[in-house]
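Enquirer: The structure's right below; bear with me while I get my questions together.
The values are calculated or read from the model by the stated rules, or taken from the named source; none is laboratory data. Quantities reported herein were computed from a predicted structural model and do not represent experimental measurements. So basically every Cβ, Gly included, is an ideal-geometry build from the backbone, and we count neighbours across all protein chains shown. Just so you know, the surface numbers come from the protein's heavy atoms only, side chains and all, with ligands and any DNA or RNA stripped out. Shrake-Rupley method; radii C 1.70, N 1.55, O 1.52, S 1.80 Å.
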Amino acid sequence: MKPVVAVVGRPNVGKSTLFNRLIQRRLAIVEDTPGVTRDRIYSDAEWNGKVFTLVDTGGLVMGEGAEMAKAIRKQAELAIAEADLVLFLVDGQTGVTGEDRDVADMLRRARVKVLLIVNKVDNPAQAAAVVADFYALGLGDPMPVSAAQGINTGDVLDQILALLPEMSQPGVEEAPISVAVVGRPNVGKSSLVNALLGEERMITSPKPGTTRDAIDTLLEKDGRRFLLVDTAGMRRRARVADAVERYSVQRGLRAIDNANVVLLVLDATREIAEQDRKIAGYAHEQGKAIVIAFNKWDLVEKDTHTMEEYRQNCQWQLSFLGYAPLLFLSARTGQRLPQLLDLLAMVDERHRRSVQTSILNQVIQDAVIVNPPPSERGRGLKIYYATQSGVRPPTVTFFVNDPQLVHFSYQRYLENRLREAFDLQGTPLWLKFRRRRR
């Protein structure tokens, strides 16, 4: 188990900038606007051959506050509760504030190790004068840094290693199944992830746009490991209003790019929309394994034909995803959630399935005998042999006399026969045709 380090502080002190600096990649959204980070964001950080888990949190606003402020504070408190060390970040340009004192009081009550870091100290010559006031917080020696410029962040990492329990060396283990949870705003993506995790890891709200970042969370269940990536709801481009939301959508698309499996969440109480088709189309074009989940199924008035009607409508609206399994579930009640993990593991296995060349060619030969390729202008397509040339998704390369003779209908026929023979539910199947060189 890797030690956990949580980054906390009031809004807009540079927590996400420091988080990105320490993990050495831009994972958390950074904007000069308070409240951009809302959920807990996890990532491994490595320094001097040692690995620990770093957690970015939303800005702490103490007291009662609005509903969203309370939810952000709860997420930060959960991060502090599981942390071995807390990095308490303050702003060297504004000095000690009443909010800083409130956060310091909370950390003392939590009885957790704290490293006090004074950010935005861009001039090292003035560091001593800047940090002097922060001794009043009573949390030990403040460390001056500039997260934006990387000044003294190496010293922070050294101090983290010194304060943490025995660290683990980076090991080699089987990578978890990476699942990008995508869909339009307010379909219940974060609620679904929370239900799978069995805890309130993501902030949920009826208000669209609550999730801003693409948030990675590791789930271990029945010996299987899933990396669930909760993404921001993707709206039509014309409705994406500000820079934060634009970046959130870009992060969502990047999450699809990096995932093995895409979980497309649809709202069972709403019609399938053009934006659903665009999101699904992007995942399909990227060759990702796909599961379609109709969430909020508990809110649908049903009879014996309702589920079949939904299936037929989905097959019509998302005809290009005919290979994707459908599941009707409820994040709120937990209906069919165990089946969801089984489906995700199943389509991941199909996505990386490999077939022996001899068996592959026997299936293709049988398919050609049953239905020979049509002739065009007196010339007929000849398939000499085929080989599997890739996985994720399974890719089959056919060597033929002329690739231009491959009609799309015959290509679809071959794809269907291969799907039937090798049970490729949940994954795209790419067929390529090349001229055989003499």
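Enquirer: Of all DSSP beta bridges located in region 324-438, what percent are antiparallel, nearest 5?
Expert: Once the DSSP bridges in region 324-438 are tallied, antiparallel ones form about 55 percent.
Enquirer: Calculate the spin-label point distance for residue 395 paired with residue 273, positioning each point 7 Å from the Cα along the beta-carbon direction, and give it in nanometres.
Expert: It is 3.5 nm.
Enquirer: What is the sum of charges, Lys and Arg at +1 and Asp and Glu at -1, for the other residues whose Cβ falls under 9 Å from the Cβ of residue 100?
Expert: My count for the surroundings of residue 100 gives -1.
Enquirer: A further question follows. Taking 22 Å as the cut-off for C-alpha to C-alpha distance, list the pairs among 74/189; 74/221; 2/70; 50/189; 189/278 that go past it.
Expert: Correct reply: 74/221; 2/70; 50/189.
Enquirer: Now for a different question. Give me the percent of accessible area attributable to carbon and sulfur for region 334-438, probe 1.4 angstrom.
Expert: 47 percent
Enquirer: Of all the accessible heavy-atom surface of region 278-330, with the other protein chains kept in place and a 1.4 Å probe, what percent is carbon and sulfur?
Expert: Roughly 48 percent of what the probe reaches on region 278-330 is carbon or sulfur.
Enquirer: If Lys and Arg each add +1 and Asp and Glu each add -1, what is the summed charge of the other residues whose beta carbon sits under 9 Å from the beta carbon of residue 163?
Expert: Taking every Cβ under 9 Å from that of residue 163, the sum is 0.
Enquirer: Right, another one. Keeping all protein chains in position, work out how much accessible area residue 430 exposes to a 1.4 Å probe, and write it in Å² to the nearest 10.
Expert: Taking all protein chains as shown, residue 430 has close to 100 Å².
Enquirer: Sorting check: for 3-15, 267-279, which peptide has the highest mean count of neighbouring beta carbons within 10 Å, and how do the rest follow?
Expert: Listed from highest to lowest mean packing, they are 3-15, 267-279.
Enquirer: Let me ask something else. On full extension of the chain, what length is gained from residue 308 through residue 220, given 0.36 nm per residue of separation minus the C-alpha to C-alpha distance?
Expert: 28.4 nm
Enquirer: Starting from region 291-363, pick out the GluC sites (Glu not before Pro) whose DSSP state is loop and whose Cβ has at most 15 other Cβ atoms within 10 Å. All intermediate terms of the calculation are to be shown ahead of the outcome.
Expert: Numbers: sites: 301, 308, 309, 349; in loops: 301.
Sparse-neighbourhood loop GluC sites (Glu not before Pro): 301.
Enquirer: I've got another one for you. Can you give me the C-alpha center-to-center distance between region 324-378 and region 271-294, rounded to a whole angstrom?
Expert: Each part's Cα centre sits 17 Å from the other's.
Enquirer: With a 1.4 Å probe and every protein chain left in place, work out the accessible area per residue of region 273-333 in Å², rounded to a whole number. Write down the numbers at each step before the final one.
Expert: Numbers: 3050 Å² over 61 residues.
Value for region 273-333: 50 Å² per residue.
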